[in-house]
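Novice: Structure incoming, see below.
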Amino acid sequence: MTLRVIAGKARGRRLKSVPGDTTRPVMDRVKEALFNIIAGDVIDSNWWDMFGGTGAIGIEALSRGAAFVRFSDLNRAPIETIKDNLEHCRFIAQAEVRRADAFKLLSAKSDRQFEYIYIAPPQYHEMWSNALKLLDENMSWLTDDGWVIAQIDPTEYQEMELENLAEFEQRKYGSTLLVFYERRENA
């Protein structure tokens, strides 16, 4: 599968894949659907591409006008791939790449707020739900009108008891499920 930027300033640029099989690249149709839902709100927004992989989601956001994206991943190969892809698409200045444990970052005091936090971790390890729970406990990462988006396999989905976040949308594309969360009215 060829990874590429599908719209915006870097449209058509090919992205490198992470060597090996530790990441699962997002399909163009899922990416297209995600950004159709967000539409013009991507302009000047701040993103955290939490389990960055190739960086495809964050780079797509930058290509479509996002102001800033933080990419984080625990492993060296994805971090190097993200850096290469950012350089290739000329988005280094608008990005920050951190090799770090997402759960440790989420548990720490927030150093900035994001309109969009994208959670697409390795599958079948409960990582998405653990990240969501940590975020629910530490809402200072999310702007008042921000969204958290989880990309998971549909079989991983479970309803979760969250105090500050509420699920408001689900979209299924083959073996990919996008689950959208926003702040509860009282959070």
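Novice: Which of the residues that make up the range 110-128 are at pLDDT below 95 and not hydrophobic (A, V, I, L, M, F, W, C)?
Specialist: Correct list: PRO121, PRO122, GLN123, TYR124, HIS125, GLU126.
Novice: Among the residues that make up the range 56-64, is at least one of them closer than 16 Å to PHE91 by Cβ, in contact (Cβ under 8 Å) with a residue 60 or more places away in the chain and not in a loop (DSSP other than H, G, I, E, B)?
Specialist: yes
Novice: Okay, moving on. Output the number of the condition that HIS125 fails; it satisfies all remaining conditions of (1) surrounded by fewer than 16 Cβ atoms within 10 Å (Cβ to Cβ); (2) touching a residue at least 24 places away in the same chain (Cβ under 8 Å).
Specialist: Result: HIS125 fails condition (2) only.
Novice: Among the residues of the range 75-109, write down those that are part of a loop (DSSP other than H, G, I, E, B) and surrounded by fewer than 15 Cβ atoms within 10 Å (Cβ to Cβ).
Specialist: ARG90, ALA100, ASP101, ALA108, LYS109
Novice: Please determine whether any residue of the range 29-46 is assigned to a helix (DSSP H, G or I), among the basic types (Lys, Arg) and either out of contact with any Pro (no Cβ under 6 Å at 6 or more places or on another chain) or farther than 18 Å from TRP128 by Cα (or both).
Specialist: yes
Novice: I would also like to ask the following. Yes or no: the range 173-186 includes at least one residue that is more than 16 Å from MET127 (Cα to Cα), part of a strand (DSSP E or B), among the hydrophobic types (A, V, I, L, M, F, W, C) and in contact with a Lys or Arg (Cβ under 7 Å, 6 or more places away or on another chain).
Specialist: No.
Novice: Residues to consider are GLY12, GLY8, GLY40; find the one that is over 16 Å from ASN85 (Cβ atoms), more than 12 Å from the chain's Cα centre (by Cα) and of a type in the set (Gly, Ala, Ser).
Specialist: Sole residue among the options that is over 16 Å from ASN85 (Cβ atoms), more than 12 Å from the chain's Cα centre (by Cα) and of a type in the set (Gly, Ala, Ser): GLY40.
Novice: Being part of a helix (DSSP H, G or I), charged (D, E, K, R) and surrounded by fewer than 18 Cβ atoms within 10 Å (Cβ to Cβ) is the filter here, so list the residues in the range 134-162 that pass it.
Specialist: GLU137, GLU156
Novice: State whether one or more residues within the range 35-55 are under 16 Å from LEU3 (Cβ atoms), polar (S, T, N, Q) and in contact with a Gly (Cβ under 8 Å, 6 or more places away or on another chain).
Specialist: So far as the range 35-55 goes, no, none of its residues is under 16 Å from LEU3 (Cβ atoms), polar (S, T, N, Q) and in contact with a Gly (Cβ under 8 Å, 6 or more places away or on another chain).
Novice: While we're looking at this one, here's another question. Considering only the range 115-140, state which residues are among the aromatic types (Phe, Trp, Tyr) and in contact with a helix residue (DSSP H, G or I) (Cβ under 6 Å, 6 or more places away or on another chain).
Specialist: Of everything in the range 115-140, just one residue is among the aromatic types (Phe, Trp, Tyr) and in contact with a helix residue (DSSP H, G or I) (Cβ under 6 Å, 6 or more places away or on another chain), namely TYR118.
The values are calculated or read from the model by the stated rules, or taken from the named source; none is laboratory data. Note that the coordinates shown come from a computational prediction; the quantities given were computed from them, not determined experimentally. Because the Cβ atoms are built from the backbone with ideal geometry, glycine has one as well, and the counts that use them run over all protein chains shown.
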